[in-house]
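First up is the structure itself, then whatever we jot down about it.
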Amino acid sequence: MADDDRLRTVDEHLALVLDGIGTIDPIELTLLDAQGLLLAENVRSDFPLPSFDNSAMDGYAIRAIDTREASAQEPVSLRVVGDIAAGASSRSGMGPGLAMRIMTGAPIPAGADAVVPVEDTDRGMAKVAIRRPVHTGQFLRRAGEDLAAGSPALAAGAALGPQQLALLAAIGRDRVTVRPRPRVIILSTGSELIEVGQRPSFGEVIDSNSYMIAAAAKDAGADARRVGIVTDDHAKLLDALESQLLRADVLVTTGGVSMGAYDVVKEALSELGTVEFTQVAMQPGKPQGFGHLGNKIPIFCLPGNPVSSLVSFEAFVRPAIRKLLGKRSLQRATVKATALEGASSPFGVRQYRRGVLHRESAGGYSVSFVGGPGSHLLASLALSNCLVIVDEETTEVVSGTEVTVLPLLLSNR
Ligand code: AMP
Ligand code: MG
């Protein structure tokens with residue numbers, strides 16, 4: 001915290017949060033479970049790729065020297081002494097002046113040093129006519145030309161997408177050691193909350209935050225789990241958190257961090273001394289709690305209003321999840337867009353407004369605001385596809401000028 005009484009900035013709070021995020025031990029996963037994760041080992045191949053010399057074309061395996069005199073007028077005729085299909089398990093061989101019919105991917109017979117594609121021949125079965133000279137190595141895929149035996153295939157830190165998973169499979173790895181998805185446990189607090197599926201009585205509110213935050217955490221790459229609702233009760237909250245500690249890499253609560261008389265998250269966790277409650281110069285999302293429980297499990301205590309909760313998640317929890325995943329870029333990429341309307345914003349506060357980002361047909365983006373300042377406005381939140389960031393210095397967004405936008409794109413991980 002700054003020594004004057006100004007609020008902590010978003011960047012200061014984020015730096016503090018990230019400082020409190022450690023690492024998770026790597027685990028071994030099967031290939032498709034490892035998709036989207038970062039490799040935590042250097043992978044070498046035990047064998048070469050391709051593992052045997054093979055044909056790049058359907059055609060005839062021949063000796064290049066035998067075709068030296070070939071021309072369209074006087075084709076060279078070679079006797080065809082066999083057929084080799086892909087998957088042929090024994091290595092065949094052939095002598096000078098001979099040819100073997102060969103399919104793409106089939107092993108090159110001993111004695112052959114080139115392949116003539118079928119379309120450059122008369123497609124003969126007993127004898128084949130070749131109309132032009134072939135150079136040694138033509139249409140031949142050499143063992144190890146892709147990857148030599150023992151050489152590095154992928155380095156620790158590589159992101160595992162389809163291309164990388166293909167290579168791992170090709171070199172015989174069905175499991176790899178990766179940085180795991182952090183297990184994020186989400187807990188909603190509030191005595192007014194009920195589960196979705198129940199009909200709210202007067203004064204009751206259906207818990208929507210845990211769905212929103214679980215979805216956002218999953219989208220950020222976490223293995224997210226909601227554990228439901230805890231009433232505003234000191235002991236019950238501590239029990240609920242305690243019971244999750246062994247299952248969590250990150251805990252997230254929503255609600256109960258403001259100045260109200262029943263803001264139990266703040267009351268109960270402040271006493272432990274390992275979770276700090278502070279005010280950040282942002283709107284919405286001013287009250288924030290962050291610290292550790294149990295064996296250094298990070299806990300985020302986000303404000304309960306849905307918009308505040310999501311903005312807080314984007315500002316602090318998402319980068320923390322990305323850090324645990326080992327990702328280098330922790331923040332979403334922002335884009336510049338032309339504001340289609342004006343807005344005012346308090347000085348010294350970073351304001352996040354919900355927006356609708358449009359891609360202009362002429363190129364570039366424009367953005368309109370959606371929903372008012374109220375952080376309880378879920379319907380307009382659901383219409384938005386981005387957050388417009390109005391920085392601390394800006395007090396007036398003028399229509400037609402450029403603003404910074406955080407597109408809330410789905411990762412479709
Ligand atoms: P709090 O931060 O606990 O003071 O809650 C602020 C506002 O957000 C209140 O109107 C709550 O009813 C609402 N709220 C808190 N938690 C949730 C939740 N899990 N789902 C939907 N609304 C919530
Ligand atoms: Mg509450």
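Please treat every number below as a calculation from the coordinates, not as lab data. What you see is a predicted model; the values in this text were computed from it and never measured. Cβ coordinates were reconstructed from backbone atoms using ideal geometry, including for glycine residues, and neighbour counts include every protein chain displayed.
A helix-only calculation puts the chain at -5000 deg cm²/dmol for mean residue ellipticity at 222 nm, using -39500 (n - 2.57) for each DSSP H run of at least four residues, averaged over all residues. Cross-link partners for LYS336 among the lysines, with Cα-Cα distance under 28 Å and sequence neighbours closer than 8 places in the same chain left out: LYS218, LYS286, LYS323, LYS327.
Using only the Cα atoms of region 335-407, build the gyration tensor, take square roots of its eigenvalues as a ≥ b ≥ c, and label the shape rounded, prolate or oblate: rounded if a/c is under 1.5, else prolate if a/b is larger than b/c, else oblate. Oblate.
For region 335-407, the Cβ-based charge dipole about the Cα centre amounts to some 280 debye (Lys, Arg positive; Asp, Glu negative; other atoms uncharged). Rounded to the nearest 20, the Cβ-based charge dipole of the chain about its Cα centre (Lys and Arg +1, Asp and Glu -1) stands at 1440 debye.
Reported to the nearest whole Å, the Cα centre-to-centre distance from region 132-147 to region 362-413 is 56. For region 75-209, the Kirkwood estimate of hydrodynamic radius, built from reciprocal distances between every pair of different alpha carbons, is 21.0 Å. Summary of the geometry: region 201-224 and region 267-324, compared by the centres of their Cα atoms, lie 15 Å apart. Within the chain, DSSP assigns beta bridges of which about 65% are antiparallel (rounded to the nearest 5). Between ALA379 and PHE347, the modelled labels are 3.7 nm apart [label points 7 Å from Cα along Cα→Cβ]. Residue-wise HN-Hα couplings along region 181-193, as the Karplus relation 6.51 cos²θ - 1.76 cosθ + 1.60 with θ = phi - 60° gives them from phi, are 6, x, 7, 9, 9, 10, 10, 9, 10, x, 6, 7, 7 Hz; Gly and Pro carry x. Dividing the mean sequence gap of close Cα pairs (under 8 Å, 6+ apart) by how many residues region 54-141 holds gives a relative contact order of 44 percent. Sequence-distant contacts, meaning Cα pairs under 8 Å at least 6 residues apart, place the relative contact order of region 183-243 at 44 percent. The mean sequence distance of close C-alpha pairs (under 8 Å, at least 6 residues apart), as a share of the length of the chain, puts its relative contact order at 15 percent. So who's got an amide H within less than 5 Å of the one on LEU293, skipping anything under 5 residues away but keeping other chains? H placed 1.01 Å off N, in plane. Amide H neighbours of LEU293, under 5 Å, 5+ apart: ILE299. Placing pseudo-labels 7 Å out from each Cα toward the beta carbon at LEU32 and GLN163 gives an inter-label distance of 2.3 nm.
The Rg/Rh ratio of the chain, with both radii computed over alpha carbons and Rh defined as the Kirkwood radius, is 1.22.
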